[in-house]
Structures are given as structure tokens and as C-alpha cells.
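For reference, the structure discussed in these notes is given below.
The values are calculated or read from the model by the stated rules, or taken from the named source; none is laboratory data. In this text the structure is predicted, and so the values were computed from the model without any measurement. Cβ atoms come from the backbone with ideal geometry, glycine included; neighbour counts cover every protein chain shown.
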Amino acid sequence: MKALSKKQLIEAVVGFALIALVLVLGFTGVLAGMVFVKTLIGLGLGYALTRGDYGFAGLSNRTCRKGSTKLIRSLMLMFVVSSIIVGALLVSGKIAVTNLWINPISWGLLIGGILFGIGMAFSSCCATGVLQDFPLGFSRALITIVFFGIGVFLGFPLMSTGFAQNSLFASASDPNGVWFVDWFSNGGTNLVNGVVGAILLTVLLAVGVGALAKWYEKKISKNFTPEVVAVEVEEVSVWNKFFVKKWSMTQTALVIAILFGAIYAVSSAGLGASTVYGNWFGTILVKFGADPANLAAWTGRPESSFTTALFASSGYMQNVGIIVGAFVGLLLSGRFTDAFKSGLKIKPLEILLFVAGGLLLGFGTRLSLGCNVGALYTPIANFSLAGWFYFFFLFFGGWIGNKIRKAFYVKVDTTKIA
């Protein structure tokens, strides 16, 4: 077994120290109750996303830039497994129907999906991805998250409007959304049948999207040069197996699905990430003298959204946990120093792209009432038709955004040559 280098050893020690710090904060009560639990789950999500080089933004970005739809097909597996977990919790009574995210299929959902997709292409990340990117692409992530927060904050007043709330289609149990369970539950009298039918429909849709993605990949693959993968002799060691070797997309999808189920099991609520950014921006305004009551009146948010301390909010700490998990993933693999240094590099004109990306990401989430997890992942796992609508409009937005991004980088390169 090859011994760890001095740099790798130092990074590993720091990685374990971060984990220990989170545990100490929890066991000493600094992070109490659900805040501690959500921090741990966030840490797990950040680690999994980094270990598997996995990100929701890749559903359109990888397709448009590499001609690969493998991530889309992996997401379909994750959606199916997550829906089975939610269905089991629902039937067992562990979660109530009122805790599910049956989102409206509104004009806001569709337009917001397009805007968010464009933002994903510009900043090469999404709501969870920007947190994961802090150790990988610090400059890009920092710019994106600041303007993501501004975009969310500016969009808060629109969340309660008919444009975002009024569904174009509705079902029996929810006049402002479509829930698959209603179609199979015999008027709501047989929840088990309804859940089983909804799961089977989710499987059918996932298989259909996966087949469509495979067909699309075959159609566009001729436009891309096949990636040359360097063949390396893999080190055979316990350390490499457990901390370095990259997880497959399937492994990563299953781990995330389990963590998603854990969130529901412990909190009876779905996975969200984007609202926190707007709350953070409002909190910063309060620190600089803004009246939280005035902010609450303008945004339509509770005043506590802008006054809650970091360690007192489970939502805040879940996102912080994702950042910590991403750092841990890189540190334990021995890749942190090189990756972080590389991520500091940025071209001046790219700042404009990342600013625009952050604003579009944030503002888009308020129209669609969520991001890739809040408007896509959680609703689909909750048997909401809105999630599937969002998926296609999100992909379309990503396709548009990648076309613009490609033209932008051609312009940047031309300017540099000139």
C-alpha cells in the first residue's frame, strides 16, 4: 500500500477535524435538535455530491457540452427510489399528505424553470451545486451565491402572486396542483392503491424520460468528440477504496435518495435549498441597518426570516453542512489544494456571466417556488406532476443558456486574441 504524502496526510487530518467540529457542536448543544440533524444530512449531501462529481445542473449542461445524458438517466433512478421511500413513509403514517410538495403547474413554474436553466448554464451550478462548488470553484461560487441571494430576495414578493400560485391544472385533493395518488386512490378512499399506482406511474415516466434521453444522446453524439479517458493504474488500498475512488453515478444517486428519505423521516418535510439565500441577503441588509419589519412587509416573508441566527436555523445549517461536506470530500481524497487553487482563477469578463447566472438562478426559483430540489426533485418524489413539467422547461432553459454561454466564451477568446 502506497503511503499518503505529507500534503495528503495534512488534508486528511483537516477533513476529519471538520467532521469532529460538527459533532462537537452538536453534542455540546451549540447545534441543537433538528438543526444538528439537518447539518449532518447536509454534510452527507455535500460529501456525496463531491465524491460522485454529481450535480443537478449537469442534466442540461453535460448534455449540451459533452453530448452525454448519463446524468439524466441517473436522476431518473434517484427519483424512482426516492418516490418509493416517500410512498412507504406516507402509507405508514410517518408523513402526512399536507407535508408533501404538490406544487402548482403555473406560468411562474414554466418561466422560472427556463430562467433557472439559463442561470445553470451561465454559472455551471444550481442551488446545491453552488454550495458544493465552494472548494472546487471558489471565485465562481462566491459571485454566483451573492447574486443568487439578491435574485431570490428580489423575487420574494412574486411568490404569493397568481402568476406563481395559480395552477393551470388541478386534481381532486389539491385544487392548486396535480397529485398522481388521486388518480389511483378511488376518490381518496384507498391510499395504498393510490401510492402504488403513483409509484408505477413515476417509474413509467422515468423510464420514458431515460429512453428519450438515450435517443437524444445518440442523435447528438456525432457533434461531440469522444472524451479521451486516461487509463491509470488504480491504487489498491483501504484508504483509496473508502475516501478517494470516485463513486459511480448510480452509487451517488442511491446515497442521495437515502439522505432524502432521512430528511422526510426526521422532519416530515422535503428537501429545499434556495429560499435560504434570500433570507441570508435580507439578514445582511438588517445587519446594515434595514428594518426587518419593513423587509417582511415588502417580501411577504416572516420577520424571523431575517433575524434568525445561523446556528438556530435548520435550513441555514443544512446548506452550511453541504459546504462542509464538499470540503471534507476533497480533503479526504487529497485533491483539495490543487482544486481550490485552480478554482480561484477567473477571467474578468466571466464575472458578468456569473452575476447574470446568479440573478437568473435566484429570481427563477421564486417564480417556480423552488430550485432543482424544491421544484424538481422533491415534487417528483412526492408524486406531483409539476416536477415533471419543471424538468422539461428547465432542460429547455439550460439548452438556451448553453447556446448563449458558448457564444460568450467565443467572444471572450476573440477579445483576448485581439
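There is at least one residue in the stretch 369-380 that is within 18 Å of residue 141 (Cα to Cα), out of contact with any Leu (no Cβ under 7 Å at 6 or more places or on another chain), crowded, with 24+ Cβ neighbours inside 10 Å and of a type outside the set (Gly, Ala, Ser).
Highlighted here are the helices (runs of 4 or more DSSP H) found entirely within the stretch 297-376 that include at least 1 residues which are aromatic (Phe, Trp, Tyr) and modelled with pLDDT of 95 or more: 314-333, 350-368.
Output the residues belonging to the stretch 260-269 that are buried (at least 20 other Cβ atoms within 10 Å of the Cβ) and over 15 Å from residue 35 (Cα atoms). I'd like the intermediate steps shown before the answer.
Taking the stretch 260-269 as the starting set, the residues that turn out to be buried (at least 20 other Cβ atoms within 10 Å of the Cβ) are 260, 263-264.
The answer is 260, and nothing else.
Using the structure shown, decide if residue 280 is within 25 Å of residue 120 (Cα to Cα) and assigned to a loop (DSSP other than H, G, I, E, B). No: the conditions fail for residue 280. Restricting the stretch 294-325 to residues that are over 26 Å from residue 29 (Cβ atoms), in contact with a helix residue (DSSP H, G or I) (Cβ under 6 Å, 6 or more places away or on another chain) and hydrophobic (A, V, I, L, M, F, W, C) leaves a set whose member that is surrounded by the fewest Cβ atoms within 10 Å (Cβ to Cβ) is 296.
Once the stretch 281-330 is narrowed to residues that are farther than 13 Å from residue 40 by Cα and of a type in the set (Ser, Thr, Tyr), the residue that is nearest to the chain's Cα centre (by Cα) is 313. All but one of (1) under 17 Å from residue 256 (Cβ atoms); (2) touching an Asp or Glu at 6+ places or on another chain (Cβ under 9 Å) hold for residue 67; which doesn't? Against the list (1) under 17 Å from residue 256 (Cβ atoms); (2) touching an Asp or Glu at 6+ places or on another chain (Cβ under 9 Å), residue 67 comes up short only on (1).
With the requirement that a residue be part of a loop (DSSP other than H, G, I, E, B), among the small types (Gly, Ala, Ser) and in contact (Cβ under 8 Å) with a residue 24 or more places away in the chain, what does the stretch 87-106 give you? If you could, list the steps in order and put the result at the bottom.
Going through the stretch 87-106, the residues part of a loop (DSSP other than H, G, I, E, B) turn out to be 93-96, 100-106.
This time we only want the ones that are among the small types (Gly, Ala, Ser), so: 93, 96, 106.
Those that are part of a loop (DSSP other than H, G, I, E, B), among the small types (Gly, Ala, Ser) and in contact (Cβ under 8 Å) with a residue 24 or more places away in the chain: 96, 106.
In the stretch 140-170, the qualifying residues are those that are under 30 Å from residue 182 (Cα atoms) and of a type in the set (Phe, Trp, Tyr), and the one that is surrounded by the most Cβ atoms within 10 Å (Cβ to Cβ) is 163. Residue count for the stretch 299-311 under the criterion of being closer than 16 Å to residue 284 by Cα and in contact (Cβ under 8 Å) with a residue 40 or more places away in the chain: the result is 3.
Return yes or no: is residue 289 in contact (Cβ under 8 Å) with a residue 40 or more places away in the chain and not charged (D, E, K, R)? No: the conditions fail for residue 289. Test residue 136 against the criterion of being surrounded by fewer than 24 Cβ atoms within 10 Å (Cβ to Cβ) and assigned to a helix (DSSP H, G or I), and give yes or no. For residue 136, the condition - surrounded by fewer than 24 Cβ atoms within 10 Å (Cβ to Cβ) and assigned to a helix (DSSP H, G or I) - is not met. Scanning the stretch 57-71 for residues that are among the aliphatic types (A, V, I, L, M) and closer than 16 Å to residue 210 by Cβ yields a total of 2.
In the stretch 391-414, the residues that are buried (at least 17 other Cβ atoms within 10 Å of the Cβ) form Cβ pairs under 8 Å with partners that are in a helix (DSSP H, G or I) and among the charged types (D, E, K, R), at six or more places apart or across chains, as follows: 402/65.
Filtering the stretch 204-245 to residues that are modelled with pLDDT of 95 or more, within 30 Å of residue 37 (Cβ to Cβ) and surrounded by fewer than 18 Cβ atoms within 10 Å (Cβ to Cβ) leaves nothing.
Restricting attention to the stretch 331-354, report how many residues are buried (at least 20 other Cβ atoms within 10 Å of the Cβ) and farther than 19 Å from residue 259 by Cβ.
The first filter runs over the stretch 331-354 and keeps only residues buried (at least 20 other Cβ atoms within 10 Å of the Cβ), leaving 331-334, 336, 353-354.
After this cut, where a residue has to be farther than 19 Å from residue 259 by Cβ as well, the list is 331, 333-334, 336, 353-354.
Result for the stretch 331-354: 6.
In this structure, is residue 100 crowded, with 23+ Cβ neighbours inside 10 Å, out of contact with any Phe, Trp or Tyr (no Cβ under 6 Å at 6 or more places or on another chain) and of a type in the set (A, V, I, L, M, F, W, C)? So residue 100 passes the test.
Return the total of residues in the stretch 70-101 being more than 21 Å from residue 256 (Cα to Cα) and either among the hydrophobic types (A, V, I, L, M, F, W, C) or at pLDDT 95 or above (or both). Write out each step before concluding.
First, pick out the residues of the stretch 70-101 that are more than 21 Å from residue 256 (Cα to Cα): 91-93, 96-98.
Filter once more, so that each one left must be either among the hydrophobic types (A, V, I, L, M, F, W, C) or at pLDDT 95 or above (or both): 91, 96-97.
Counting residues in the stretch 70-101 that are more than 21 Å from residue 256 (Cα to Cα) and either among the hydrophobic types (A, V, I, L, M, F, W, C) or at pLDDT 95 or above (or both) gives 3.
The requirement of being of a type in the set (Ser, Thr, Tyr) and surrounded by fewer than 22 Cβ atoms within 10 Å (Cβ to Cβ) is fulfilled nowhere in the stretch 74-84; no residue meets it.
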